[in-house]
Structure formats: C-alpha cells, structure tokens
Amino acid sequence: MNNAAEQKLVLSHLWVAFIAFVVACLLGEYQVLERSGLFPALDSTRVYFASVSTHGVLMAFVLTTFFIMGFGYYVAVSSLKQPLWNLPLAWISFWIALVGTVLAAIPLLTGNASVLYTFYPPIVAHAAFYIGATLLVVGSWLWCVIMLVTFGQWKKAHPGAPVPLAMFATAANALLWLWTSAGVALEVLFQLIPFSLGWIDTIDPGLARTLFAWTLHPIVYFWLIPTYIAFYVFVPKQAGGYLFSDEMARVAFIVLVVFALPIGFHHLYMDPEQGQGWKLLHGIGTFVVALPTLVTGFTVIASLEIAGRLRGGKGLFGWILALPWTNPMVLAVILSLLMLIFGGFGGIVNASYAMNAMVHNTAWVPGHFHLIFGGTTIIMYIAIAYYLWPLLVGKPLFSKNLALMQLWTWFIGMSILTTPWHVLGLLGQPRRISTVVYNNLLTLAWQPYEFMMILGGLVLLGSACLLIYILAKTQLAPAAEAFTGEIEYATPIHAVSTLPEYLNGFKVWNKVIAVLMAISFGFPILQFFFMDTFGSSAWGY
Amino acid sequence: MKRLLLLLALSTPLLANAQPASQIAWTPAMLNLVKKGNAEKGKQLAESCKSCHGDQGQGLKAETQDGETIPAVPALAGQLATYTFKQLRDYANGDRSNETMNGIAKNLSEQDASDLAAWFGSLPRTVGATAPIKARAEKMVALGDGKRILPPCFTCHGSNGQGEKMDIPALAGQQADYFASTLLAYKKAERHNDIYSRMRLIAQQLSEEEIKELAVYYQQLK
Amino acid sequence: MHTEPTKPKSQWLIKLFPHWAHIHIDQLEQKWIAVSLAAVALFVGIITLDALFHGINPPSKVETIDSASLHLSKEFAEDNLGVQVDGQGKIIIRMVAGRYSFFPKHIDVPAETPLTFRWVSMDVLHGVHIPMTNMSTMIVPGYVAEITTSFPKPGDYPLLCNEYCGLGHNHMWSNISVIAKENWKAPTKPAATGGTSHE
Amino acid sequence: MEQLTEEERKRILESPPMGTFALMSVVLGGMVIAWLFLYYGVFLPRG
C-alpha cells in the first residue's frame, strides 16, 4: 500500500490505540501498587476505582476498537489491492470515535464515572460517559459499513473468486461487531442514557445485565480476530513456510463468528434473573466455540511445523528449534500460543456451568482475561505493529533486538502478573477490591501474591514504554535509508481456486446468526416484559 | 398490577409481629414526592422552625443552663431532602422519638414534610466553629478500619460529607454536639430508625472518644 | 515418517460433507477435529449429566422482589433475617446485602448440612461468596438469589462482597461460623416458622 | 539452513504434521486432566 492518504489514516488509528494502551498500563501498575497496601500514601479508594474504570475502558474499548479499525483499513487496501472505498467516511468515523473517547474520558478521570467498564446499573455515572462510549461505538459502526461495502464490491467485481483470507476474516469481524454491539447499544440507548439524564425513574438491572451479556462474550472475539488473522496470514510466511489450510481457516472464522454470539450467559451463571435451562444451553454453546480455537491452534502450529521442517528441522519436535525465533512475528506467535494454552484452559473452567461458582468474580477472572487478552491477543497486535510500521512510515524498524526484548518482557511480565492472580482466585480473593482489609485467617495468605503482581505490572509497564519508544523511533528516524518492503500474505500449501459460496460470504451465516440469537436471547429478554419486575432507582457510589 | 403488589407489600408490616425500623421505603413514588417538594411553601412552614433550628437552619450547640443540659439542635441547612423527609415521617410515625419533634411532625402532612425538606435542602450549609482535628478521625473518614469491619465514613457520606442517594445524611457543618449525641444514641440503640441497623452496627464499634473526634471533623468540613 | 500417505480412514469430515471432496482438508487435521470434539463432548457430558441428574446447577431461581421496600416485606423484615428451620427441618438463611454490609452481621450454621440461602439487595448490585466453598451468587436488586449448598469443613469464614457496589466495596464483608453438625443448635426465634399471617 | 532439493520440499509439504498432532494432543490431554482434577478434586468437594 503506497497511498499516503491511506497510510495516514491507518497510522492515526494505531497511534490512538497505542497511546491509550501505554496510559492504561501506567494505571494498571498504579492499581497493583495501591492494592498491595505497601504504600499508604497511594491508598485512595476514589482514585483506585476511577483508575480501574479508566484502565478497563482504555484497554477494552479504545485500544481494541482503534487498532481493529486501523488494521482493517490496511488489510482491505493491501489484500484486495484497491483504494479504500470512501476515505472521507473513514475519517468521519475516526473523529466520531475520538470525540466519544475524549467525552467519556473526562468523567472517568474526574471520578464521575467510577462504574467500571461493564457499567453496573443501578449505579449511575455522569451521562457524558455513556454518550461518549456510544459515540465510540457509532464510529466503529461506520467502519463496519466501510468494510462490508468494500467486501461486497470486490466480490461483485470478481465473481466466483475466493475473497483473500485476510479480507474474509476482516469482513467477518465487521459483521460480528454489528451483531455484538447491538446488545450493549440497546442497554445504553434505552436504559442507561435516559436513566442517567433522569428521563426515566427506574431501570431493571436484570434486563440490563442480560443485554450486556449479549455483548460481553462476542466482544472478546471481536478483539481476538485480528490476532487470528495475523496467525493465519502473516505468521506462516514470516516463519518461512505456507499456510497449512486456507479452507479450515475460513471454517474456523465462521464457527467463531456464528457461535460467539448466542452464548453470553456464561457471564450470568451466578445471576438470579435467568433460569438454569438457558444457562446450560449457553454453556454448551460456549464449549462449541472452543472448537475453532482448537482448529486454529492446529492449523497455525502445522504451518509452523512445515516452516521448521523446510528450514531443516528433523524429528517429531526438532522443527520447533529450527523456527526463526528472532523474527518478531514468529516469536510473538510462539509466546501468544503459550499464553493461549493457560488462558484457554482458564476459559474452559469459567465456562463450566456450575463449576463457575468456584471462580466467579474472584481474582481468577482478571487473571484469566489478562492472560488471554493482554497476553495472547495484544502480543499479536504488537507484532502486527512491528510488521506494519516500516511499511507505513517507509523506514526500517528502529531495532529488531529491542523489539524481541520487548516481546519477551511482555510475555514474562504477563506470566508473573497472572499466575498469582489465578492462585488468589482459587483461594477466594474477590476481584475489584482496592485493598485487602478483611481481617480473617483465610485472607492473610493472600499477601505474598500481591507483591508478585507489583513486579509483573512493573515489567509490563516497562515493556509497553519500550514498544512506544520503538514505534516512535522508527517513525521519527531521519529518512536516510529508503525502505522498500512490501506486505507479504502467506500462501496456502494447496491453492484455493473455488469455494462454496458459504465459505466465501456471509449471507447464509447472517441468517443462521439471526435464528440462533432469537432462540438463545428471545425468551430470556422477553421474560422481563411478562414478569412482575421491580425496577431500581438510580444510586450514586 | 405493580401498584397492587406495592400496596400488598406496604400493608404486610401491619400483620407482622415486630415493627420495621422505618415505614419509609424509597419507592419511585416516594422519591418523586420528595423531588416535587415546594421550597417556597417549605419556607413559610419553616418560620416556626427558626426558634430552635436557627435563622439559616444552622442548628444549635448543646448548652448548660442552671445545671441542666439543653440538647443540641441539628443543622438542617443543605441536608439531603430525602433524609429530612424521612426523619419527619419517622417522627410522625413514632419510629424515631423526640418529644418535641414527634408532636410537630404528627401535624405535618407528607406534602408538608416534602416541602420543608426541599426548603432546608436549598439553604447553604454552614461551617461550624473550629477545634483541632485529630488524625485518627481523618483516618476513619478516609480509610475506615478493616479490623473492626468499619467502612470509611466517606464511602457513604461522601468525600465532602455531602451525603449520598438515597437518604445518607450530609454531615458537613453538622453541630458537633448533635452529631455526637446522635451517634451515641445509635450506639445505645436509643435511636433505631436506620433500616437493618446499618448505623447502629457501625456506632457500636466506635468508642465515645472516636465519636467526639468525628463530630469535630465533620462540623468543620465544607 | 514415510511418504506413503496414511490410509484415508479419517476422512469422516468429507463423508459428512461430500461436496468438500475437492477442498483440501488434511486427514490428520480431521483426526484432530475428532479428538477436539471428543474432549469438548466429555466436558459438556459431565456438566450436563450432573446438571440433569445430580442437580448441580448455578443459582437460577427467577424470582422477583421489590428491593426498595424489603424492610417492609414479611420475609425480609429485620426480625425475620438469619438462620431459620422450617416445618420440614430445612434450614433457610435469609440475608440482605446493602452498602456496605451483609445483614445480619454474623450467623452460625452447621457443617455438612444442606443450607438454603436467600439473598436480596436493598440497594445496588452485589455479589457474595465464601472462600473455599461453593457459596457464590450475584445479588441483583429486584431479584431473590436462592442457592442451596453445604459447607464441608467447620471454621470461621468471611462472607465477601465480590461485585463492585460503590467506593466502600472493599469493606463490605462479614463473618460466618460453620459449626460441627453435632454442636449446632437451631436458633429459637419468635415466629421462626413464618407465623400464620402469611398474606 | 541447508539447501533442500525440490523433491525434499515436496515431501515436507505433503507430509502430515505429526509433530503438531503430538504436541496438541499432549496439551489437550493435559487440559482434560487438569479440568477433571479441578472438577472432582476442588469444585465438588467444596460442597
């Protein structure tokens, strides 16, 4: 992609994402320090919860959304080899999302929206927080439109031809996000905003939680799909090999999108407002969505195995050592998969219906999602950044060795941070506490783990700063050397010439999703309108 | 249907054995009644309150005359309307006892209580006399005491002592003598119109010394 | 490893979807998918059978209540809270969560005995769990959270609020004593069985 | 990296990824064992 206008668009998105990221890392380190109780000067419940709310919003909404939008534009232009449809609209979407972010940040940073990023009605925040978050989502909807129109136009211009895998997956993600965000959009538009402005007296927290659960699971796949795209379309080439199976990749993306949606109730296992049959149904669906990840693991590792063997690796496992560990993308995928093993296992435990009682709302849960989001997902965002930055700014990467060090420290920091978190969870420490004040024998055993987490957070903060340093140095370097790299998408071992339409488009899947959503959310949402429910009035905090 | 259920819920206590701490429940209807309080009407009604609660609703400290202690009178200026309203209704219903106030409140309608609450809520809070603030009080307000399961005061009463929804009273500028005697009354369970003993359980954990220090702290809070 | 391709016995995916024949799906990958399916089926099977036949379910009683006037209700009137034994000898524990405590503040319960907790919130969203046990539920205003469980080991346990409920959330906890079954005595409270004036 | 003949390349590209299968099986097997331990060893005994 050599078009300066599009490069600027992509870079703007990615910079917003990574600046949000480093700020959030700083807040994260403050939080582990505060919680340890080692530094009485830092103890402030108000600052802590304002910080947690901001950390969550920056990481989960700002970093992800802006990264996904920027990366999506890049993939659309580079994989389809055509200019972006409607560049001005893309800029409008960027500015709407950015204004929304700033609007939400003001109440967050001033402690007027300490409701954490999952909102928690009937506690209400300042209306600006909800309105800002809504604008961020509206901005991302425009991105979805651009992606889907681009996808449709290319297909029309190339009848029968398989859509390049990277674009297929990006379009899948756009479709997923439209479905995903509908739940929280309903909650915010019909419940939270009118409630926070005083237009309605009460809301039903049970309904609000159900709507949020609609969004809460697939949103993590929205974040994860760019990582899987990198797994499939960048990693095999960078490792010196080929994609093991293009078709299975498509199958995996489709199953991911279709089954990520109707399963949100594993967030509500411990809630009283939904019945056990619905919970069990969603629970089984949750296990189904583990399948595409198992398939992805196989396809990606098989691609790596072939690359390793092409590089001279022998024996059952000799190919692992033969891989180019000094290629940032390859190193990142290895570390990412390692974290996926443990993060994925934690997820299976969470998903296990009644067993959820063992870990629900304990420290295990943030341990789990930091490992799988901060670890598996974000390390690939970083690897993508290292890969794209030279292409976007036309200068070579500032330092490959520093980049490798950054990836290693991110992995090590994440391991140090999340291991104690999991243990604390099994010991029963609740999540979302700013200090441990409980005066009980059972809770005294928690202290040493808190100290380990400070160290982990510190390593991660250092690593995040190093990332920003490398990216900035790359971009600001004097343009002495001309960099003439091209983006390289991996080719499959067996070229794909024709595909059944359902592996090349989403028309039928969109209908399948509609049916599944109607089945799994229809009654659980409608019940609130048939039961005698008692709404809650607004509370502060 | 909902209204019917509400009526049922409200009528059941009459059948129950023990009295609830208060008859007031913050249903949306009740909250709206307080919200619609007319401050102008409240102002007229409040004329007769001035002799005890002061021109500006600032209250009075305790005084000793001829060896007899005249108890302190609470500041009402800037108090949450929901709180004032609930106290007036609790006095009227006999859930909170004070000879003078029980008599007065019985003669006030719900609407009067709501108007008065609105009027006092609209007055600016006054800041009381200064006395040295103890670090222990500041710590209790900001951090509480985990060992005794005492939450920090600010978590409910606000970081500026401004009170909190639904009916957590504002404490900033409150008469120290009144503050102390109220907490002592909670401690001894002489006052018991806190639903589920919320404040009684806290006050029981506080020493008399701590209560006095907190009283000084809050009187000076702006 | 020899060049001879493995026998196409694991072509089950192609058999299932015959028109995928021209699509390349490695036989080993098909085998892997079968293994993955088996693992998932094992998890789902255990969970589902336990749910259907052993009643191992999360708390899911969809029962509404007016959280604003709990203290005026019969069931959650202040005097009616805590541990009670009903007519059938079933132990029912009624608890109210409100910022920032659980009411009543302390309860004694027997170990190794089924206990039915009924939790309600008087204000915002709360959650509660007891470390090292499966007593865990969300407490959503407007709903009664009912959970039946038992405590295997006697001891003093903390009851912890595990859902952000406001700035005092850290401080929202209380204690529960689990007493050896033989040492536990049912509380003798007035109207412990609910009384006659039920509605 | 030694040079591979065209024949060797072809053979590698077409050989089944046994290493991957073995690796993934070990990981999945470990997960199943760990899950069974948590379910029957931790969760159910907790009541």
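The values are calculated or read from the model by the stated rules, or taken from the named source; none is laboratory data. Just so it is clear, the model here is predicted, and its values are computed rather than measured. For neighbour counting, all protein chains shown are included, and Cβ atoms are generated from backbone atoms with ideal geometry for every residue, glycine included. Keep in mind that these areas ignore ligands, DNA and RNA; they rest on the heavy atoms of the full protein, side chains included. Shrake-Rupley method; radii C 1.70, N 1.55, O 1.52, S 1.80 Å.
For the stretch A:461-490, which residues satisfy the criterion of being surrounded by fewer than 16 Cβ atoms within 10 Å (Cβ to Cβ), part of a loop (DSSP other than H, G, I, E, B), in contact (Cβ under 8 Å) with a residue 60 or more places away in the chain and of a type outside the set (A, V, I, L, M)?
A:481, A:483, A:485, A:486, A:488
Tally the residues that are under 17 Å from the mean Cα position of the chain (by Cα) and open to solvent by 20 Å² or more (accessible area, probe 1.4 Å), restricting the search to the stretch A:348-381.
First pass over the stretch A:348-381, keeping only residues under 17 Å from the mean Cα position of the chain (by Cα): A:365-381.
Filter again for open to solvent by 20 Å² or more (accessible area, probe 1.4 Å), leaving A:365, A:368-370, A:372-373.
Counting residues in the stretch A:348-381 that are under 17 Å from the mean Cα position of the chain (by Cα) and open to solvent by 20 Å² or more (accessible area, probe 1.4 Å) gives 6.
Restricting to the stretch C:144-156, give me the number of residues that are in contact with a Ser or Thr (Cβ under 7 Å, 6 or more places away or on another chain) and crowded, with 21+ Cβ neighbours inside 10 Å.
3
Would you be able to say whether some residue in the stretch A:239-247 is open to solvent by 20 Å² or more (accessible area, probe 1.4 Å) and touching a Lys or Arg at 6+ places or on another chain (Cβ under 7 Å)?
Taking the stretch A:239-247 as the starting set, the residues that turn out to be open to solvent by 20 Å² or more (accessible area, probe 1.4 Å) are A:240, A:242.
Now narrow it down to the ones that are touching a Lys or Arg at 6+ places or on another chain (Cβ under 7 Å): A:240.
Taking every residue of the stretch A:239-247 in turn, at least one turns out to be open to solvent by 20 Å² or more (accessible area, probe 1.4 Å) and touching a Lys or Arg at 6+ places or on another chain (Cβ under 7 Å).
What's the total number of residues in the stretch A:413-437 that are within 22 Å of residue C:168 (Cα to Cα) and open to solvent by less than 10 Å² (accessible area, probe 1.4 Å)?
Number of matching residues: 7.
Select from the stretch C:153-183 the residues that are assigned to a helix (DSSP H, G or I) and in contact with a Phe, Trp or Tyr (Cβ under 8 Å, 6 or more places away or on another chain) and list them in ascending order. Break it down into steps so the answer makes sense when it comes.
If we filter the stretch C:153-183 for residues that are assigned to a helix (DSSP H, G or I), which is where we start, we get C:169-171, C:181-183.
The answer is C:169, C:171.
Considering only residues that are outside any helix (DSSP H, G or I) and within 25 Å of residue B:125 (Cα to Cα), which ones fall in the stretch B:197-222?
If we filter the stretch B:197-222 for residues that are outside any helix (DSSP H, G or I), which is where we start, we get B:206-207, B:220-222.
Those that are outside any helix (DSSP H, G or I) and within 25 Å of residue B:125 (Cα to Cα): B:220, B:221, B:222.
Going through the stretch C:51-74 one residue at a time, which ones are within 17 Å of residue D:36 (Cβ to Cβ) and more than 7 Å from every other protein chain (Cβ to nearest Cβ)?
C:54
I'd like the residue in the stretch A:438-456 that is assigned to a helix (DSSP H, G or I) and open to solvent by less than 10 Å² (accessible area, probe 1.4 Å) and, out of all such residues, is farthest from the other protein chains (Cβ to nearest Cβ).
First, the residues of the stretch A:438-456 that are assigned to a helix (DSSP H, G or I): A:441-444, A:447-456.
Right, trim to open to solvent by less than 10 Å² (accessible area, probe 1.4 Å) and you get A:443, A:450, A:453, A:456.
Working: A:443: 6, A:450: 13, A:453: 17, A:456: 21 Å.
Checking each candidate, the answer is A:456.
Would you mention how many residues in the stretch B:198-222 are of a type in the set (Ser, Thr, Tyr) and open to solvent by 20 Å² or more (accessible area, probe 1.4 Å)?
First, the residues of the stretch B:198-222 that are of a type in the set (Ser, Thr, Tyr): B:207, B:217-218.
With open to solvent by 20 Å² or more (accessible area, probe 1.4 Å) added as a condition, the list becomes B:207, B:217.
Here the count works out to 2.
Look through the stretch B:147-175, keep the residues that are within 15 Å of the chain's Cα centre (by Cα) and polar (S, T, N, Q), and return whichever of them is nearest to the other protein chains (Cβ to nearest Cβ).
Filtering the stretch B:147-175 for residues within 15 Å of the chain's Cα centre (by Cα) gives B:153, B:156-158, B:161-175.
Subsequent filtering for residues that are polar (S, T, N, Q) retains B:162, B:174-175.
Details: B:162: 10, B:174: 20, B:175: 25 Å.
The qualifying residue nearest to the other protein chains (Cβ to nearest Cβ) is B:162.
Can you spot a residue in the stretch C:121-143 that is buried (at least 17 other Cβ atoms within 10 Å of the Cβ), aromatic (Phe, Trp, Tyr), within 8 Å of another protein chain (Cβ to nearest Cβ) and out of contact with any Asp or Glu (no Cβ under 6 Å at 6 or more places or on another chain)?
The answer is no, given that none of the residues of the stretch C:121-143 is buried (at least 17 other Cβ atoms within 10 Å of the Cβ), aromatic (Phe, Trp, Tyr), within 8 Å of another protein chain (Cβ to nearest Cβ) and out of contact with any Asp or Glu (no Cβ under 6 Å at 6 or more places or on another chain).
If a residue has to be in contact with an Asp or Glu (Cβ under 9 Å, 6 or more places away or on another chain) and not β-branched (Val, Ile, Thr) to count, how many in the stretch A:2-43 make the cut? Spell out the reasoning first.
Within the stretch A:2-43, the first condition is being in contact with an Asp or Glu (Cβ under 9 Å, 6 or more places away or on another chain), and the residues that meet it are A:32, A:34-38, A:42-43.
Imposing the further condition that a residue be not β-branched (Val, Ile, Thr) reduces the set to A:34-38, A:42-43.
The total comes to 7.
Quick one: which of A:223, A:214, A:179, A:199 is within 14 Å of chain B (Cβ to nearest Cβ), out of contact with any strand residue (DSSP E or B) (no Cβ under 6 Å at 6 or more places or on another chain), open to solvent by 10 Å² or more (accessible area, probe 1.4 Å) and of a type outside the set (Ser, Thr, Tyr)? Give the derivation first.
Values: A:223 fails: within 14 Å of chain B (Cβ to nearest Cβ); A:214 fails: within 14 Å of chain B (Cβ to nearest Cβ); A:179 fails: within 14 Å of chain B (Cβ to nearest Cβ).
When all the criteria are applied, what remains is A:199.
Across the stretch D:10-40, which residue is surrounded by the fewest Cβ atoms within 10 Å (Cβ to Cβ) among those that are facing chain A (nearest Cβ under 7 Å) and more than 16 Å from the chain's Cα centre (by Cα)?
Of everything passing the filter in the stretch D:10-40, D:13 is surrounded by the fewest Cβ atoms within 10 Å (Cβ to Cβ).
When you look at residue A:408, is it closer than 30 Å to residue B:151 by Cα, assigned to a helix (DSSP H, G or I) and open to solvent by 10 Å² or more (accessible area, probe 1.4 Å), yes or no?
Details: closer than 30 Å to residue B:151 by Cα: no; assigned to a helix (DSSP H, G or I): yes; open to solvent by 10 Å² or more (accessible area, probe 1.4 Å): yes.
Answer is no for this residue.
Among the numbered criteria (1) in contact with a strand residue (DSSP E or B) (Cβ under 8 Å, 6 or more places away or on another chain); (2) within 12 Å of chain A (Cβ to nearest Cβ); (3) open to solvent by 10 Å² or more (accessible area, probe 1.4 Å), which single criterion is violated by residue C:106?
Condition not satisfied by residue C:106: (2).
Looking at the stretch A:108-212, what helices (runs of 4 or more DSSP H) fall wholly within it and have at least 2 residues that are of a type in the set (D, E, K, R)?
Working: elements: A:127-157, A:165-187, A:193-196.
Passing ranges, in order: A:127-157.
Can you pull out the residues in the stretch B:130-144 that are touching a residue at least 12 places away in the same chain (Cβ under 8 Å) and either outside any loop (DSSP other than H, G, I, E, B) or touching a His at 6+ places or on another chain (Cβ under 8 Å) (or both)? It would help to see each step written out before you state the result.
As a first pass, look at the stretch B:130-144 and keep what is touching a residue at least 12 places away in the same chain (Cβ under 8 Å): B:130-134, B:136-138, B:140-142.
B:136, B:137, B:138, B:140, B:141, B:142, listed by residue number.
Okay, residues lined up against (1) within 14 Å of chain D (Cβ to nearest Cβ); (2) among the hydrophobic types (A, V, I, L, M, F, W, C); (3) open to solvent by 20 Å² or more (accessible area, probe 1.4 Å):
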position	(1), (2), (3)
A:262	no, no, no
A:265	no, yes, no
A:269	yes, no, no
A:272	no, no, no
A:275	no, no, no
A:278	no, yes, yes
A:282	no, no, no
A:295	yes, yes, no
A:298	yes, yes, no
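If the requirement is being of a type in the set (S, T, N, Q) and touching a residue at least 40 places away in the same chain (Cβ under 8 Å), which of these qualifies: B:93, B:107, B:102? Let's see the steps before the verdict.
On the way: B:107 fails: touching a residue at least 40 places away in the same chain (Cβ under 8 Å); B:102 fails: touching a residue at least 40 places away in the same chain (Cβ under 8 Å).
Going through B:93, B:107, B:102 in turn, just one is of a type in the set (S, T, N, Q) and touching a residue at least 40 places away in the same chain (Cβ under 8 Å): B:93.
Determine the pairs where a residue that is at positive phi, located within the stretch A:80-109, has a partner that is of a type in the set (A, V, I, L, M, F, W, C) with Cβ atoms under 8 Å apart, the partner being 6 or more residues away or on another chain.
A:86/A:146; A:86/A:149
Suppose the filter is touching a residue at least 60 places away in the same chain (Cβ under 8 Å), in a helix (DSSP H, G or I) and closer than 19 Å to residue B:84 by Cβ; does residue B:181 pass it? Spell out how you get there, then give the answer.
On the way: touching a residue at least 60 places away in the same chain (Cβ under 8 Å): yes; in a helix (DSSP H, G or I): yes; closer than 19 Å to residue B:84 by Cβ: yes.
Taking the combined requirement at face value, the residue satisfies it.
If we keep just the residues of the stretch C:1-25 that are open to solvent by 20 Å² or more (accessible area, probe 1.4 Å) and within 7 Å of another protein chain (Cβ to nearest Cβ), which is modelled with the lowest pLDDT?
C:1
Restricted to the stretch C:13-61, and to residues that are free of Cβ contacts under 8 Å to residues at least 24 places away in the same chain and of a type in the set (Lys, Arg), which residue is nearest to residue D:30 (Cα to Cα)?
My answer is C:31.
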